[in-house]
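The values are calculated or read from the model by the stated rules, or taken from the named source; none is laboratory data. Keep in mind the model is a prediction, meaning the values are calculated, not measured. When we count neighbours, we look across all protein chains shown, and the Cβ atoms used for this are built from the backbone with ideal geometry, even at glycine. Note: accessible area is taken over every heavy atom of the protein model, side chains too, but ligands, DNA and RNA are not part of it. Shrake-Rupley method; radii C 1.70, N 1.55, O 1.52, S 1.80 Å.
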Amino acid sequence: MTTERTDIIIGLEVHTQLTTQSKLFCGCSTRYQDSEPNTHTCPICLGLPGSLPVVNEMAIVYAERVAKALNCSVQQTQFYRKNYYYPDLPKGFQISQYDFPLGTNGYLTVDSAGQERTIRIRRVHLEEDPGKLTYRGTIEKAQYSLIDYNRSGVPLLEVVTEPDLRAPKEARRFLNKLRNILEYLDVFDGNLEGSLRVDANISIAGGQRAEVKNISSYKGVEKALLFEITRQRNLLRRGIHITQETRHFDEARGITISLRSKEQEHDYRYFPEPDLLRVDPEPVAEQFREQVQVELPDTKRHRFIAQYGISDYLAKVLTASKPLADYFETVAARVDPSAAASWVVDVLQGELNYRGLNLDAFRPNFLIDVIANVNQGTITEKAAVEVIRTVLDTGGTPCEIIDAQALHAAPIEQITAAVTQAIEENPQAVDDYHSGKKGALNFLVGQVMKKTRGRADPTLTNRLIREQL
Ligand code: ZN
Ligand code: MN
């Protein structure tokens, strides 16, 4: 039994940018993230009169790959014009798909409270991203907004679920799994700003649904849904009718705000895009099948076990997300793979999670340096953990921190001297050791650690004490 309430109905529309080289209907580059505004544009993506779109085949290939992975049936598809006016959409319509979406009737399973739940996918379709509006101030109070068309025409894949999700947490799990699949298929980069945007439909106990638009993070989705549940329950309790409307999620304040009453589908006056022919995705995808190599999680896990000699458990954790798997492979190429695996899984992940950071916070090169220093005996394992923590908390590189904090492992001469001293100062412990008392050796190791301020390698210290006794 689940303890979560079941009168909650959630459906998601997930927009993800596909990582093709060029835009959906023109040759402009999609790598605009570090560019000046309005430098990745042409008459087509600016929507100038008389310009004609041409479909980017690679976008079709990527979309087909996702549709298949989401267990959809793939069909011949038709682009449509979705008519609405907004400054980020200079043509006055968005080229999208309506009837005949590329993929239909799929599903994805998620683990929810120990149960496997099937979330049906209604459709998967391709559309163009609009430009990007930047409001000066908040969306409600801005005097004006700035517009950048670099994003205009970037291929967006829209995945629409049936209203099968029953809790905000479940929605978040669904999104995590979807993201993982997209990354494995190599069609999506979750680190790019704005690469994922979610519209969440939510209703409670038969009330009208609210659509919360343009939420840009997984945490945001969960927070927006939790806020909506409270808001709608409060209205229902006071007997107030919930109207169907579009709301905006204010990430900073953690609340949703009414934007406008929800438009109906017929308001968009969809009609087939007369400038584009129907596309059959299967033969297009077939042409590129050989160029596109995809290694799915299970295949990767088996390869990790065979190639790196690591345990099934470690391989499973490492392949649970593609960035983590890639990170591990970068490190394993330079240091002992089993050391790499256990440092990534047992130490780094814990330290990152604890701080709410992701892998970007600790570059693979950093971990390579840390592990190499441990292997060369320059620092102890304990000091290595300290180095990782310091980098995460205060910045800097591992080498700088090892030097600055004098974390270098104590040389053998220094440890030997400390051992001699510890033995002289603690005759009782020496007697205990000789009479076979268990704690005596550990006590002496502890004394040596104190004298070397934790920089003595414990295994070496142990050996030196035994030798001297
Ligand atoms: Zn263009
Ligand atoms: Mn859309």
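Points worth noting:
- Residue within the stretch 69-92 that is more than 28 Å from HIS266 (Cβ to Cβ) and open to solvent by 30 Å² or more (accessible area, probe 1.4 Å) present: yes
- Test: residue in the stretch 389-402 that is assigned by TED's automatic domain parsing to the domain that holds VAL331, touching a Pro at 6+ places or on another chain (Cβ under 9 Å) and closer than 26 Å to ALA341 by Cα: yes
- Only one of GLY103, GLY153 that is surrounded by 15 or more Cβ atoms within 10 Å (Cβ to Cβ), of a type outside the set (S, T, N, Q) and at positive phi: GLY153
- Checking each residue in the stretch 1-57 for being surrounded by 21 or more Cβ atoms within 10 Å (Cβ to Cβ), within 16 Å of ligand 1 (Cβ to nearest atom), within 14 Å of LEU126 (Cα to Cα) and among the hydrophobic types (A, V, I, L, M, F, W, C) picks out LEU18, LEU24, PHE25.
- Selection from the stretch 127-140 of residues that are touching a residue at least 12 places away in the same chain (Cβ under 8 Å) and either within 16 Å of ligand 1 (Cβ to nearest atom) or exposed (fewer than 12 other Cβ atoms within 10 Å of the Cβ) (or both): GLU127, GLU128, ASP129, PRO130, GLY131, LYS132, THR134, GLU140
- Residue check: GLU467 meets all listed conditions (1) assigned to a helix (DSSP H, G or I); (2) closer than 22 Å to LYS382 by Cα; (3) open to solvent by 80 Å² or more (accessible area, probe 1.4 Å) but one, namely (2).
- All conditions in (1) in a strand (DSSP E or B); (2) away from ligand 2 (no atom under 16 Å from the Cβ); (3) open to solvent by 40 Å² or more (accessible area, probe 1.4 Å) hold for GLN208, with the sole exception of (1).
- Taken together, ARG269, ARG334, ARG303 contain a single residue that is basic (Lys, Arg), under 30 Å from ILE60 (Cβ atoms) and open to solvent by 80 Å² or more (accessible area, probe 1.4 Å), which is ARG269.
- Qualifying residue in the stretch 442-450 (condition: surrounded by 14 or more Cβ atoms within 10 Å (Cβ to Cβ), assigned to a helix (DSSP H, G or I) and polar (S, T, N, Q)): yes
- The stretch 175-192 residues that are of a type in the set (Asp, Glu) and modelled with pLDDT of 90 or more, paired with ones that are surrounded by fewer than 19 Cβ atoms within 10 Å (Cβ to Cβ) and part of a helix (DSSP H, G or I) (beta carbon under 7 Å, 6 or more apart): GLU183/PRO323
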